Amino acid sequence: MARRLFLSSGDLVADRRYEFARDLQLKGDLPAAAELLEQAIELAPKFPSAWYTLGKIRLELGQREAAIAAFRGARDADPEDCHGAGLHLMQLGVEAVSAMPPGYVQTLFDQYAPRFEAALVGDLGYRGPALLFKAVLSVRAGAKQPAFFKRAIDLGCGTGLAAGAFARHVDRFIGIDLSPRMIDKARATGLYAELEVDDMLKAISAKREASAELILAADAMVYVADLAPVLAEASRVLVAGGVLAFTAETHDGEGVIIGEGLRYAHSAAYVRASVAAAGLTLAQLDDLSARNEDNIPAPGLVAVAVKPGRFSPPPTRGEGKRAPPRPPT
């Protein structure tokens, strides 16, 4: 994805030891790398990059408690948690699943922006926008309604891939993303009438009631722990009969977890309950993978919900075939 984040300690010697440790890590000498990182931390106790990398190495070495201590050190050293150390703590089960730090999300995608499409589409086989487009067409056709929308909002718009898929079916697109560099890429497409650098929930909460016919979130809900507030605001902003379509990663358990890729995975039951709680009617929920992980389709969902009004969508279609499970490692 993006290059590894480095936050300088402000101490030249500590920074050099970190770089030497990274070289050793890449060569596979993890114990020696960990020793050098501990030396760097001794020189600069508030060195988040060293703490975070030490946590990753300790985890790889099977040293769970030491990894937990290192991730906590990384977060203490950087209150914005740009490395996402807190996500590892959630994944390890020592902290409850909660919202991602905005600093982490913005930093991640600011770094990712220059090669976002090449990595996502080329390396990961990303197909989220195409799946959403097909699903929305299916729901509108089933309701005998045209798939043309005057006003649409693209949540977590990234570089504009979703807008590109729907461009001929939307008169006016508003794009929202937390990353300024992603917004710069989206602006260059010319697909958006408006672009906003903001958190999804904060931005959609500021929109007028009944001001959009379509709301999209392609590969964006994987960065949202609690779907309920976003879905409730989407319902408020949609006109009667308006459509909300989004992709999510999923798992076979209950509720919400942090997956291996440090993204949220929402169970199908959780998605159904969240959509219903928002006052929306779930028109379609399919087990479809929007991207690959390690060349295997990541278990995913494609959801289309409609705000009750001009027409009533047909009953939710069956969930279809699940993506093949990941092999044991």
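The values are calculated or read from the model by the stated rules, or taken from the named source; none is laboratory data. It should be emphasised that the depicted structure is a prediction, and the values quoted were computed from it without experimental measurement. Cβ sites come from the backbone with ideal geometry, for glycine too, and all protein chains shown count toward neighbours. Ligands, DNA and RNA are stripped out before the accessible areas are found, and what is left, the full protein with its side chains, is counted by its heavy atoms. Shrake-Rupley method; radii C 1.70, N 1.55, O 1.52, S 1.80 Å.
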Among the numbered criteria (1) out of contact with any helix residue (DSSP H, G or I) (no Cβ under 7 Å at 6 or more places or on another chain); (2) of a type outside the set (Asp, Glu); (3) in a strand (DSSP E or B); (4) on the phi < 0 side of the Ramachandran plot, which single criterion is violated by residue 241? (4)
Pull out all pairs, ordered by first then second residue, where Cβ-Cβ is under 9 Å, the residues are six or more apart or on different chains, the first lies in the range 269-288 and is at pLDDT 95 or above and assigned to a strand (DSSP E or B), and the second is open to solvent by 10 Å² or more (accessible area, probe 1.4 Å) and of a type in the set (Asp, Glu). 285/319; 286/319; 287/319
Where residue 58 falls short, out of the listed (1) assigned to a helix (DSSP H, G or I); (2) of a type in the set (D, E, K, R); (3) without any contact (Cβ under 8 Å) to a residue 24 or more places away in the chain: (3)
Identify all residues within the range 240-256 that are farther than 16 Å from residue 286 by Cβ and open to solvent by less than 20 Å² (accessible area, probe 1.4 Å); write none if there are none. 241, 242
Test: residue in the range 114-132 that is small (Gly, Ala, Ser), within 21 Å of residue 202 (Cβ to Cβ) and under 20 Å from the mean Cα position of the chain (by Cα): no
Name the residue, out of 118, 147, that is without any contact (Cβ under 8 Å) to a residue 40 or more places away in the chain and open to solvent by less than 40 Å² (accessible area, probe 1.4 Å). 147
Of all residues in the range 4-48, how many are of a type in the set (Val, Ile, Thr) and over 13 Å from residue 73 (Cβ atoms)? 1
Can you tell me how many residues within the range 290-305 are in a loop (DSSP other than H, G, I, E, B) and either at pLDDT below 95 or of a type in the set (A, V, I, L, M, F, W, C) (or both)? 5
Of those in the range 196-219 that are hydrophobic (A, V, I, L, M, F, W, C), open to solvent by less than 60 Å² (accessible area, probe 1.4 Å) and assigned to a strand (DSSP E or B), the residue nearest to residue 180 (Cα to Cα) is 217
State yes or no: is residue 228 at pLDDT 95 or above and open to solvent by less than 20 Å² (accessible area, probe 1.4 Å)? no
When (1) surrounded by 19 or more Cβ atoms within 10 Å (Cβ to Cβ); (2) of a type outside the set (Val, Ile, Thr); (3) closer than 19 Å to residue 119 by Cβ; (4) without any contact (Cβ under 8 Å) to a residue 60 or more places away in the chain are applied to residue 156, the one that fails is (4)
Residues located in the range 121-144, provided they are open to solvent by 30 Å² or more (accessible area, probe 1.4 Å) and assigned to a loop (DSSP other than H, G, I, E, B): 124, 127, 144
Pairs, first within 17 Å of residue 7 (Cα to Cα) in the range 97-108, second in a helix (DSSP H, G or I) and open to solvent by less than 30 Å² (accessible area, probe 1.4 Å), C-beta under 9 Å, six or more apart: 101/86; 101/87; 104/85; 104/86; 104/87
Output the number of residues of the range 174-195 satisfying the condition of being in a loop (DSSP other than H, G, I, E, B) and in contact (Cβ under 8 Å) with a residue 24 or more places away in the chain. 4
Which residue, of 66, 32, 44, 40, is surrounded by 14 or more Cβ atoms within 10 Å (Cβ to Cβ) and within 27 Å of residue 263 (Cβ to Cβ)? 66
